[in-house]
Amino acid sequence: SKLAALFEHPLYNIPIPEVTEKDKLFVVNPMEKFSLHSSGSDEWVSSSKAETLLPTGKTAYDTYPTWLKFHVGINRYELYPRRDPLMPTLLQDLATQKIVSSVQKSGGTQLKLIMTFPNYGQALFKPMKQTRDQETPIDFFYFSDFERHNAEIAAFHLDRILDFRRIPPASGRLVNITKEIRDITTDKKLAKTFFISPAGNVCFYGECSYYCSTEHALCGKPDQLEGSMATLLPDKTLAKRHSWRSPWRRSYHKSKKAEWELNPNYCAQVRETPPYNRGHRLLDLIDMTVLDFLMGNMDRHHYETFEKFGNDTFLLHLDNGRGFGTHSRDEPSILAPLQQCCSIKKSTYLRLQLLATQPYLLSDLLREALATDPLAPVLSEPHLQALDRRLRKVLEAVGHCLAR
């Protein structure tokens, strides 16, 4: 396994700083028993307010469902550890746990569902919009592109291979539209949008601001539908998140350009603006830029951080569905933060160089990681090949900076 060899490499064993109590998202007494509100809400409460019988010989933490262990493990430095023993179980839960509730997620331009499991875990389901081998048409604007379910799955694995570990775990899944959405939904608005197509397939389209209409309906074969299941982060009432507008946000206009596209010295003013004027925030943003360029994702208008950790923490790389839309062309403007600031973390640069060498070729590693997904092959071969080409371009950009 090339992947196992990669994670044994010294560059993937740089220790993170010691995690103190204040560096943990949740401080949990390992002997504290946890139970759920009988009101049916998804909030976990201490057993002092609810009686729980624990199997003998087990500590309370052992009885937590995997998703709760994942939430409890989040700290200032990482969303999950490099050698996370929970990961295989968490991914398997996303792919196989019984779905007991499906409701539409509010907001956004496209249909997404929140699905709940019997252990109260929740996942964000993004349904299949286009096939693996379809490329985004060249005349499409980035903001009118489809979100792709396979991009969400591939982004999680790519983020892990780059050792960022800032994307919540995601798995592919085949969902039965009839039994796992229509028959169990309590969402009245969603329920009204189901119909049977002329071909006899079960379809639905939900309610949203852009792609929710009969013309953009999602149809099963006859009721089987592919999608990505991403682990939901802790509820914002328990762990507040701050949403930051990216300084290199695009204009989201058909003819207007953003300031960074017109001003080659744009980075100088970013460096003077909080939170980019101190700490490693700008370098973290450049990490995200590298990830987005490798995926071809132009849609990074915001990013989030956990409020508890202030400015000294990692960025969450959420919502990656507009990646992996084209393999035959690259979008150099995504690299603007790297090219304009000429800064990159040394550890990131060394890992990128490693991933361009034969024993650890990026395309081979991602191919291996995606092979275990229930929807494999997740990416078509040309997308995997494009990663190696784009990685060379990132290294060239750093080379130009070093020359300067």
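The values are calculated or read from the model by the stated rules, or taken from the named source; none is laboratory data. Note that the structure is predicted; figures quoted are calculated from it, not measured. A quick note on method: Cβ atoms are made from the backbone with ideal geometry, for glycine too, and the neighbour counts reach across all protein chains shown. Please note that ligands, DNA and RNA were not included when accessible areas were found on the heavy atoms of the full protein model with its side chains. Shrake-Rupley method; radii C 1.70, N 1.55, O 1.52, S 1.80 Å.
Summing +1 for each Lys or Arg and -1 for each Asp or Glu among the other residues whose beta-carbon sits under 11 angstrom from that of Gly399 gives +2. Straight-line cross-link reach from Lys257 at under 25 Å between alpha-carbon atoms covers these lysines, not counting any fewer than eight positions away in the same chain: Lys393.
Each stretch of four or more DSSP H residues adds -39500 (n - 2.57); spread over every residue of the chain, this sum gives -8000 deg cm²/dmol at 222 nm.
Charged neighbours of Met128, selected by a Cβ distance under 9 Å, balance to +2 (K, R count +1; D, E count -1). Expressed as a whole percent, the accessible surface of the chain that belongs to carbon and sulfur atoms is 54, based on a 1.4 Å probe. Peptides 148-159, 250-261 ranked from most to least packed by the mean count of surrounding Cβ atoms within 10 Å: 148-159, 250-261. Pairs exceeding a 30 Å alpha-carbon distance, out of Lys308/Lys346; Lys129/Lys188; Lys188/Lys308; Lys22/Lys112; Lys69/Lys126: Lys188/Lys308; Lys22/Lys112.
State, as an integer percentage, the relative contact order of the chain based on alpha-carbon contacts under 8 Å between residues 6 or more apart.
Details: 659 pairs, mean separation 69.9, N = 404.
Across the chain, relative contact order equals 17 percent.
Between Ser197 and Ser255, the distance separating the two model label sites (each 7 Å from Cα on the Cα→Cβ line) works out to 3.7 nm. Projected label points at Gln358 and Glu215, each 7 Å from Cα along the beta carbon direction, are separated by 5.2 nanometres.
Ranked from largest to smallest solvent-accessible area, with a 1.4 Å probe on the protein heavy atoms, Met295, Met128 come out as Met128, Met295.
Could you work out the local net charge near Leu352, counting Lys and Arg as +1, Asp and Glu as -1, over the other residues with Cβ closer than 12 Å to its Cβ? Each step should come with its number before you reach the end.
Values: positive: Lys345, Lys346, Arg351, Arg390, Arg392, Lys393; negative: Asp163, Asp287, Asp388, Glu396.
Neighbourhood net charge equals +2.
Per residue, the chain exposes 47 Å² of accessible surface when a 1.4 Å probe is rolled over the protein heavy atoms with every protein chain present. Counting only protein heavy atoms and using a 1.4 Å probe, the accessible area of Cys341 comes to about 10 Å².
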